[in-house]
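No value in this document is a laboratory result; all are computed from the given coordinates. None of the values given here were measured: they were computed from a predicted structure. Note: ideal-geometry Cβ built from the backbone for every residue, glycine included; neighbour counts use all protein chains shown.
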Amino acid sequence: MREILPFVDVIIANEEDAHDVLGISSGDSDVESGKLDIARYPQVAAQIVKQFPNVSKVAITLRESISASHNNWGAMLYDAATQNAFFAPQA
């Protein structure tokens, strides 16, 4: 993935992708238990943009596992130009 990211302007990923592919940790997130440290996601996105300055937007999907059949879903969009993060639903 690192080889194609210099040619990408929008990244859509999750916290596992950022960690496994780019080595960027999202703090105290534990995907297996469903615990997400979403307050750190803007920092994760900023680190991605720092490594790949061509990236203008980073979307990180949010999935919180409550049980095997119940999940909360959302996303964060980070705008590199303004360095603002927008959450849906709002965190």
_Residue range of the chain that is longest and free of GluC sites (Glu not before Pro) which are both DSSP loop and sparsely packed (at most 15 other C-beta within 10 Å)_ = 33-91
_Under-5 Å amide H pairs with residue 24, H placed in peptide plane, nonlocal only_ = 19
*When DSSP beta bridges are limited to those with both residues in the chain, what percentage is antiparallel, rounded to the nearest 5?*
80 percent
*asked:* Treating only the Cβ of Lys, Arg, Asp and Glu as charged (+1, +1, -1, -1), what charge dipole size does the chain show about its Cα centre? Round to the nearest 20 debye.
replied: 260 debye
